[in-house]
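K.L.:
Below are the C-alpha cells for one structure; questions will follow.
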Amino acid sequence: MSAVIHTRHEVGRARYAVAAVFAVHGAVTGSFATRVPWIQDHAGVSAGQLGLALAFPALGASLAMPLAGGITHRFGARNALRGLLALWTLALVLPSAAPNMLTLCLALFVFGATAGMSDVAMNALGVEVENRLDKSIMSGLHGMWSVGAVVGSAAGTLAAHIGADARLHHALAAAVLTVAGFAACGWVLDLQPTEDEDPPPRFALPPRSALLIGAIGFCAVFAEGASLDWSAVYLRDQLETSAGLAAACTTGFTLTMAVARIAGDRVVDRYGAVRTVRAGGVVALLGGLLIVFAGHPAVAMGGFALMGLGIAVVVPLCFAAAGRSGSNPSLAIAGVATITYTSGLIAPSAIGMLAQATSLVVSFALVTVLTCGIAGFAGVLRAGDRVKVTRPDAAVPEPRS
C-alpha cells in the first residue's frame, strides 16, 4: 500500500472510524441472531435442517475471505471496506426473506461470504492503524464488535417481544446500519497500492505463518463457541439450576469477554502480546478446571467467567500478529479468520456429539485441554509485539502553529 504520511490526528480519527465499523459489523450479527426462531418458522424448517443451514455462513465466509485482499488492492482500502461493509449490512435482509430450506441455505451462504470479506478488510485496516499509532488497539476494536452485537441483540429482542415481522425489522436495521457504516468508512485510512506493488492472487491458500497463528485462534474460538452455546445447558443439566440462573451464566460470560476486550489494550501495551496471551491461557485453564470439577453453580459460573476473561484478547491479538507476519497482511488475516470461523462452526456440534457419547463434563475437559495450547504456543504471536521503527508511512505529529 502507498506510503502516505498521515498526521497523528488523522490516524486517531481513523481509529475511532474503524471502531465504529467494528460496532456496525457486530450489530448485524446481533440483529440476525435474535430472529433465528422467526426465520426458522418462516422457512418451515426443522431443528435439524436449521442446524445444517446455519453451517452455510461459515462455509461462505471460508470460501470468500481469501478474495478480500484482491478487492482491497484493486479499489483501495477505504473503498473496498465501504463496499464490502455495505454488502454485509444489506445481506441482513436475505435470511428472513427465505421461504424454504434451499433459499435459506443460499441466503446464509451469501450472508457469511459478505461477513467474512468485510471482516478481513476491517481487521487489516485496524492493524494498519495500530502500527501507525504504535500502541495496541485491536482488543478494543473487537470489544466494540461485542458492544455492537449487544446493541443489535437488544433491538432484536425488542422486535421479537412486540411480535414484529423479521423482514421489516431487518430491512430497517439494514438501512440504518448501511448508512452508519458508509459514514464511518469515510474517515478510515485511504490506503492505495503502489505502482510497483504486484496484485495478490485472486485466490490463495493461507501462508504457513497464518496457520501457526490460526491454531491459537482455533483453540480460543473453540472455547468461546463451546461456552456460549453450552454454558447454560451445563448449569441446567449437570448442576440442576433454574433456567434463569443458567441463562445468567451465558450473559456473564459474554459481558466478561466484552469488558476484557475493551480494557485489554492497556495490558497488551504494558506486557506485550505473548505474555498477555500466555497469562490468558493460564486463566482460561483455571476456569476450565473450575467448570469440570464444579460441585456448585457459583463455582461453575466463576469458571465460565474466568474462561471468558482468559480468551477475550486472544483472537484480536492473532489478527494483529497475522497482519505483521508477512508482506501481504490481508492474505494472512484471511487465513487466520478462516481457521477461527471453522473453529466456531465445529465447536458447538463437537461438544454436543461428545456429550452425547460421554457427558458434558468430558466435553469441557476437552475445552480445558485446548486452553493449554493457548498458553503453550503463545510465542508464535511474537509478531504482535510492535517494534519501534522509523516508517515512511507512520503518523507524524501535527505541526505547531
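K.L.:
Counting only residues 5 or more places away or on other chains, whose amide H sits under 5 Å from the amide H of residue 7 once H atoms are built in the peptide plane?
P.N.:
Answer set, sorted by chain and number: 396.
K.L.:
Hey, got the dipole for the stretch 42-164? About the Cα centre, +1 on K and R Cβ, -1 on D and E Cβ, debye to the nearest 20? Don't skip to the answer; put the middle values down first.
P.N.:
Details: 5 positive and 4 negative charges, 41 e Å.
With Lys and Arg at +1 and Asp and Glu at -1, about 200 debye.
K.L.:
Among 338, 157, what is the fewest-to-most ranking by other Cβ atoms within 10 Å? Write out the running numbers ahead of the final one.
P.N.:
On the way: 338 23, 157 13.
Fewest-to-most Cβ neighbours within 10 Å comes out as 157, 338.
K.L.:
Given 268, 148, 96, which one lies farthest toward the positive end of the charge dipole of the chain, if we put +1 on the Cβ of every Lys and Arg and -1 on the Cβ of every Asp and Glu?
P.N.:
Of the listed residues, the answer is 268.
K.L.:
Within the chain, what's the longest stretch lacking chymotrypsin sites (Phe, Trp or Tyr not before Pro) that sit in DSSP loops with no more than 13 other Cβ atoms inside 10 Å? Mind showing how you got there, number by number?
P.N.:
Numbers: sites that count: 203, 293.
After excluding every exposed loop site, the longest remaining stretch is 1-202.
K.L.:
Using modelled amide H (1.01 Å from N, peptide plane; none on Pro or chain starts), what sits under 5 Å from the amide H of residue 191, excluding residues fewer than 5 places away?
P.N.:
Excluding prolines and chain starts, which carry no amide H, the hits are 77, 78.
K.L.:
Okay, moving on. Per DSSP H run of n ≥ 4, the term is -39500 (n - 2.57); total these for the chain, divide by its residue number, and report the mean residue ellipticity at 222 nm rounded to 500 deg cm²/dmol.
P.N.:
On the way: 17 runs with 305 residues, N = 401.
Calculated from helices alone, the mean residue ellipticity at 222 nm is -25500 deg cm²/dmol.
K.L.:
So what are the chain's ellipsoid semi-axes, whole angstrom, largest first, if each one is the square root of 5 times an eigenvalue of the alpha-carbon gyration tensor?
P.N.:
Working: eigenvalues 218, 138, 71 Å².
For the chain, the ellipsoid semi-axes come out as 33, 26, 19 Å.
K.L.:
Hey, quick one: spin label on residue 372, modelled 7 Å out along Cα-Cβ, who in the stretch 264-294 has an amide N within reach, i.e. under 14 Å?
P.N.:
Label zone hits: 282, 285-286, 288-289.
K.L.:
Placing +1 at every Lys and Arg Cβ and -1 at every Asp and Glu Cβ, with all other atoms neutral, what dipole size does the chain have around its Cα centre, in debye to the nearest 20?
P.N.:
Values: 24 positive and 21 negative charges, 132 e Å.
So the magnitude is around 640 debye.
K.L.:
The stretch 277-319: D in µm²/s via Stokes-Einstein (Kirkwood Rh, Cα pairs, 25 °C, 0.890 mPa s)?
P.N.:
Details: Rh = 10.2 Å.
The Stokes-Einstein estimate is 240 µm²/s.
K.L.:
Of 232, 83, 39, which is farthest on the positive side of the dipole of the chain, counting Cα position, with +1 on Lys and Arg Cβ, -1 on Asp and Glu Cβ, and the Cα centre as origin?
P.N.:
Ranked along the dipole, the leading option is 83.
K.L.:
Between residue 270 and residue 251, what length comes free when the chain is fully extended (0.36 nm per residue of separation minus the Cα-Cα distance, one decimal in nm)? Walk me through the intermediate numbers first.
P.N.:
Numbers: separation 19, 0.36 × 19 = 6.84 nm, distance 2.92 nm.
That works out to 3.9 nm of additional length.
Readers should treat all values here as calculations from the given coordinates under stated rules, not as data from a laboratory. Predicted, not measured: the structure shown is a model, and the values here were computed from it. Cβ coordinates were reconstructed from backbone atoms using ideal geometry, including for glycine residues, and neighbour counts include every protein chain displayed.
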